[in-house]
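Structure, as structure tokens:
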Amino acid sequence: MSNDTTKAAAQAAQSEILTTQEDPMELAISSDRFQTLDLKADLSSEGAGYCSLQAADDEDRVKLYNACSSPKSVADMINKQIKLRHIFIEVIQVMSEQSGELVYVPRVILIDENGTGYQAVSIGMYNSVKRLIATFGEPSAWKKAHTVEIQNVSLKNGQHTFNLKMID
């Protein structure tokens, strides 16, 4: 991720995390099949995460690596649709603009059916993915990619967050 992209993601994450009504420490994705991402525990260790793509061969490993190493920004996809096939989440550290301290946040990468990644450092996107998995199950068990629309949601405090709208 470039320094400008990292800085922009950190700024967006900080404004959202520090102003959201939800307690980010209470968020979790649970899974029978994959590693559990429990932000209460995992936000204390950078690198913790979740991945629906079980990269069993080099072709899948290349697809996963490329999707995570140079993803597009979710902000550039607002009101656009993607064919979602896999989800990757990792915990990263960003500098809080308000406190100046390092805080742990989820970095969500949506991977489409072509292997393109779309990144958001966003509690709202994390919550949306959590609901999507609770409703539709693990992406690895889906028979096909699901069409989702990226939405920009305004919060009461004037900030914004990202959300997914299911199309099919």
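So how many residues does segment 73-103 have that are more than 26 Å from Lys144 (Cα to Cα) and under 13 Å from the mean Cα position of the chain (by Cα)? Give the steps one after another, and end with the answer.
First pass over segment 73-103, keeping only residues more than 26 Å from Lys144 (Cα to Cα): 91-103.
Filter once more, keeping what is under 13 Å from the mean Cα position of the chain (by Cα): 91-92.
Result for segment 73-103: 2.
Can you say whether Arg61 is loosely packed, with under 13 Cβ neighbours inside 10 Å and either modelled with pLDDT of 90 or more or in a strand (DSSP E or B) (or both), as far as the supplied structure shows?
yes
For Ser128, only one of the following conditions fails: (1) of a type in the set (Gly, Ala, Ser); (2) over 15 Å from Glu149 (Cβ atoms); (3) buried (at least 21 other Cβ atoms within 10 Å of the Cβ); (4) without any contact (Cβ under 8 Å) to a residue 40 or more places away in the chain. What is its number?
Unmet condition: (2).
Output the number of residues of segment 46-102 satisfying the condition of being farther than 18 Å from Pro139 by Cβ and of a type in the set (Lys, Arg).
Matching residues across segment 46-102 total 2.
Going by the conditions given, is Val108 surrounded by 14 or more Cβ atoms within 10 Å (Cβ to Cβ) and modelled with pLDDT under 95?
In short, no.
Among residues belonging to segment 111-145 that are among the β-branched types (Val, Ile, Thr) and farther than 21 Å from Asn66 by Cα, point out the one that is modelled with the lowest pLDDT.
Kept after step one, since they are among the β-branched types (Val, Ile, Thr), are these residues of segment 111-145: 111, 116, 121, 123, 129, 133, 135.
Still in the running and farther than 21 Å from Asn66 by Cα: 123, 133, 135.
Working: Ile123: 87, Ile133: 91, Thr135: 92.
Per the stated criteria, the residue is Ile123.
Of the conditions (1) closer than 25 Å to Ser69 by Cβ; (2) touching a residue at least 24 places away in the same chain (Cβ under 8 Å), Leu102 fails just one. Which one is it?
The one condition Leu102 does not meet is (2).
Say whether the condition of being over 19 Å from His146 (Cα atoms), assigned to a loop (DSSP other than H, G, I, E, B) and modelled with pLDDT of 50 or more is met by at least one residue in segment 20-40.
Within segment 20-40, none of the residues are over 19 Å from His146 (Cα atoms), assigned to a loop (DSSP other than H, G, I, E, B) and modelled with pLDDT of 50 or more.
Only strands (runs of 3 or more DSSP E) wholly contained in segment 65-168 count here; list those with 1 or more residues that are more than 19 Å from Tyr50 (Cβ to Cβ) and touching a strand residue (DSSP E or B) at 6+ places or on another chain (Cβ under 9 Å).
The qualifying strands (runs of 3 or more DSSP E) are 81-95, 102-112, 146-154, 160-166.
Please find, among Ser154, Ser122, Ser140, the residue that is more than 15 Å from the chain's Cα centre (by Cα) and in contact (Cβ under 8 Å) with a residue 24 or more places away in the chain.
Ser140
The values are calculated or read from the model by the stated rules, or taken from the named source; none is laboratory data. Note that the coordinates shown come from a computational prediction; the quantities given were computed from them, not determined experimentally. No Cβ is skipped: glycine too gets one built from the backbone with ideal geometry, and neighbour counts run over all protein chains shown.
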